[in-house]
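Engineer: Can you keep this structure in mind? I'll have questions shortly.
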Amino acid sequence: MNDLKICSYNAKYKQAFYELNKVWIEEFWVLEKSDLKDLLHPKKTIIDKGGEIFFAVKQNIVIGTAAMIPFTKNKIELAKMTVHKNFRGKGVSKILMNSCISYAKNNNNREVFLISNSKLETAKKLYINFGFVEVPLDSKKYLRGDYKMNLTL
């Protein structure tokens, strides 16, 4: 992945943000209202609220993405993290995760949280490797979410 670049939000990548996330979500579930809100209007629902969307770009093609959505009390949500299936297992998600955690720290967040589903075993291993720990699920944001993890910074 020598020619991989991590880019911050740029409107030219908006469609890739939607398409990459739609594909992985629809592998197991259907897009929910909360997904559509963020995926169709990322500037309004994420960027304008002080968040960020990172894009993993290889040869001018977006192959991965992850969003950092501000929450309350110095907390931020890691969401919409995916890598195109042809590039999975090559370390792209680790590079995206490092960008997300750095962003959280640089913006004085004390905690990163995520909501996921136990079907996504590889993702859970990634989160654990980065120090996330499972906590009680206290959110109904995603119907498919069956666990929550936190990373204290």
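The values are calculated or read from the model by the stated rules, or taken from the named source; none is laboratory data. Note that this is a predicted model, so its numbers are computed, not measured. All Cβ positions, even for glycine, are placed from backbone atoms using ideal geometry, and neighbour counts span all protein chains on display. Quick note on the areas: whole protein, heavy atoms, side chains included, nothing else; ligands and nucleic acids left out. Shrake-Rupley method; radii C 1.70, N 1.55, O 1.52, S 1.80 Å.
Engineer: Report for the chain the percent antiparallel among DSSP-assigned beta bridges with both residues inside it, nearest 5.
Structural biologist: Numbers: 26 of 29 bridges.
So the antiparallel bridges amount to about 90 percent of the total.
Engineer: Work out the length of the dipole vector of the chain about its Cα centre, built from +1 on the beta-carbon of each Lys and Arg and -1 on the beta-carbon of each Asp and Glu, and round it to the nearest 20 debye. Don't skip to the answer; put the middle values down first.
Structural biologist: Details: 26 positive and 15 negative charges, 40 e Å.
Dipole magnitude for the chain comes out near 200 debye.
Engineer: Express the carbon and sulfur contribution to the solvent-accessible surface of region 19-94 as a percent, rounded to the nearest whole number, probe 1.4 angstrom.
Structural biologist: Values: 2130 of 3930 Å².
Roughly 54 percent, rounded to a whole number.
Engineer: So, one more: Largest first and in whole Å, give the semi-axes of the chain's equivalent ellipsoid, each being the square root of 5 times a Cα gyration tensor eigenvalue. Before the final figure, lay out each step's value.
Structural biologist: Numbers: eigenvalues 85, 60, 57 Å².
After scaling each eigenvalue by five and taking roots: 21, 17, 17 Å.
Engineer: Once Rh for region 72-153 is found with the Kirkwood sum over Cα pairs, what is the Stokes-Einstein diffusion coefficient at 4 °C and 1.567 mPa s, in µm²/s?
Structural biologist: Values: Rh = 13.2 Å.
D, rounded to a whole number, is 98 µm²/s.
Engineer: Take the chain, connect every pair of alpha-carbon atoms lying under 10 Å apart with a spring to form a Gaussian network, then pick out the residue of Leu39, Leu137, Leu20 with the largest mean-square fluctuation.
Structural biologist: Taking springs between Cα atoms under 10 Å, the residue moving most is Leu137.
Engineer: With +1 on the Cβ of every Lys and Arg and -1 on the Cβ of every Asp and Glu, and nothing else charged, how large is the dipole of region 41-103 about its Cα centre, in debye rounded to the nearest 20? Display every interim value, and only then the final one.
Structural biologist: Numbers: 11 positive and 3 negative charges, 35 e Å.
Roughly 160 debye for region 41-103.
Engineer: Still on this model: Suppose all protein chains stay in the model; what accessible area per residue would a 1.4 Å probe give for the chain, in Å²? Numbers along the way, then the final one.
Structural biologist: Details: 8510 Å² over 153 residues.
Here the per-residue accessible area is 56 Å².
Engineer: Follow-up question, since we're still on this one. Pull up the cross-link candidates among the lysines for Lys105, meaning alpha carbon to alpha carbon under 21 Å and not fewer than 8 places away within one chain.
Structural biologist: Straight-distance partners of Lys105: Lys5, Lys49, Lys73, Lys75, Lys80, Lys94, Lys148.
Engineer: A further question on this structure: Can you work out the Karplus-derived ³J(HN,Hα) for every residue in region 10-26? Use 6.51 cos²θ - 1.76 cosθ + 1.60 with θ = phi - 60°, whole Hz, and x for glycine or proline.
Structural biologist: Values per residue, Gly and Pro as x: 8, 4, 5, 9, 4, 5, 5, 4, 5, 5, 4, 6, 4, 4, 6, 5, 6 Hz.
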